[in-house]
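The values are calculated or read from the model by the stated rules, or taken from the named source; none is laboratory data. On a predicted model such as this, the values are computed, not experimentally measured, just so you know. So basically every Cβ, Gly included, is an ideal-geometry build from the backbone, and we count neighbours across all protein chains shown.
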């Protein structure tokens, strides 16, 4: 039961990703061929591999992480706050900082990681990029040999499915139907690549990523029957 979980033991997170290179032509010939093969099923024959490359950030083999935002609850004398911070810059620095956070503050059995669509995207993406960058996996992300009940990952989209495997619901839609106030976002996920490569505005992406972390936490609160966070309870650290 969700209401039995201690909120202070949950780390909420979201990632933003982009293609490893801005343009398809910057890839070497072998990587171009591999991208063409990898994307064949999704793009069919109507779209060229080069034209489809703008979506390469979705795949860990061809993308990279530019921001990991996290949030966690702090409760002191019945006063709660939700503290949000972000890791950004060079990908290897982002991943090492996130790994250190898990080891030092969220590495115990009682600790859980929570993201929207995290089991399909965020968690495996982070794990793959760590391995690609030669980083040994922290226990919380190393799933090999673990039984399902030993995996400490929560997914708000999965929680909303209630066993319906074919049901996809975006974070924005879920927040809307649960009557969660919509944050004042000036972008969406489809814009991240252009904002990063063309506008060179990482701060805008960080703000967007942090808002999604807050929204994920709000959805989780609603799913367990708790009151929503108020603006003055959300702290940037």
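Observations
- Residue within the range 202-225 that is in contact (Cβ under 8 Å) with a residue 40 or more places away in the chain, farther than 29 Å from residue 99 by Cβ and surrounded by 12 or more Cβ atoms within 10 Å (Cβ to Cβ) present: yes
- Matching residues, the range 171-191, being under 22 Å from residue 120 (Cβ atoms) and modelled with pLDDT of 90 or more: 171, 172, 173, 174, 175, 176, 177, 178, 180, 191
- If you go through the range 133-153 and pick out every residue that is surrounded by 15 or more Cβ atoms within 10 Å (Cβ to Cβ) and assigned to a helix (DSSP H, G or I), you end up with 2.
- Qualifying residues in the range 1-53 (those that are assigned to a helix (DSSP H, G or I), out of contact with any strand residue (DSSP E or B) (no Cβ under 7 Å at 6 or more places or on another chain) and touching a residue at least 40 places away in the same chain (Cβ under 8 Å)) - the one surrounded by the most Cβ atoms within 10 Å (Cβ to Cβ): 2
- For the range 88-132, the set of residues classified as under 14 Å from residue 67 (Cβ atoms), buried (at least 19 other Cβ atoms within 10 Å of the Cβ) and in contact with a strand residue (DSSP E or B) (Cβ under 6 Å, 6 or more places away or on another chain) consists of 88, 91, 94, 98, 115, 122, 129, listed by residue number.
- Selection from the range 154-177 of residues that are surrounded by 13 or more Cβ atoms within 10 Å (Cβ to Cβ) and outside any helix (DSSP H, G or I): 154, 155, 169, 170
- Restricting 32, 37 to residues that are touching a helix residue (DSSP H, G or I) at 6+ places or on another chain (Cβ under 9 Å) and more than 22 Å from residue 131 (Cβ to Cβ) narrows the list to 32.
- Within the range 108-124, not a single residue is within 19 Å of residue 237 (Cβ to Cβ) and at pLDDT below 95.
- Residues being within 30 Å of residue 220 (Cβ to Cβ) and more than 24 Å from the chain's Cα centre (by Cα) - total across the range 1-50: 1
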